[in-house]
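The values are calculated or read from the model by the stated rules, or taken from the named source; none is laboratory data. Please read these numbers as outputs of a predicted model, since none were measured by experiment. Cβ placement follows ideal geometry from the backbone for every residue including glycine, while neighbour counts extend to all protein chains displayed. These area figures cover heavy atoms from the full protein model, side chains too; ligands, DNA and RNA do not enter into them. Shrake-Rupley method; radii C 1.70, N 1.55, O 1.52, S 1.80 Å.
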Amino acid sequence: MILVDADACPVKEEIYRVAYRHKIPVRLVANQYLRHPDHPLISMQMVSGAFDAADDAIAEAAAPETLVITADILLAERCIAAGAPVLSPKGEAFTANSIGTQVATRAIMADLRAGVDGQGLGGPTPFSKADRSRFLNALEVALRKLPRP
């Protein structure tokens, strides 16, 4: 199964296409209804609007045979702890070896942004065509490695 942190995921259409080809189910998890294909492989799990409700639902369902798609580093850390492979929408694989550094970098950047209010220290770079292509390649590789029931 592919679990998608779906609220702001820019690669849902790509996920659907690859899921159809591999015949693998996709579950979108969000705190609001999202339009999605009416297809037996695609499902939607709406969670409450409570803080981290979607993250909690995804982390609970994460397992070694479940690929998680998220840009949220803290959610990625929780899913990796559950044994799930995790990809960002930009095609970056979060791994047990890299997640500690990524969490620390996230904390440093949050501190920097808080300390330089309004001085041009922005967030992540805009999503690009190259990111989409990198994601598709990474998704194919990850799905081939995913244990099948």
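Things worth noting here:
- Taking a Cβ cut-off of under 11 Å around THR125, the surrounding Lys, Arg, Asp and Glu residues balance to a net charge of 0, with basic ones at +1 and acidic ones at -1.
- Shape category assigned to the range 46-86 from the gyration tensor of Cα positions, a/c cut at 1.5: prolate
- Residue-span extension gain [ALA50 to GLN32] - 0.36 nm each, minus C-alpha spacing: 5.3 nm
- With protein chains left intact and a 1.4 Å probe, residues in the range 1-44 average 52 Å² of accessible area per residue.
- The convex hull built on the alpha-carbon positions of the range 1-95 has an orientation-averaged projected area of 5.5 nm².
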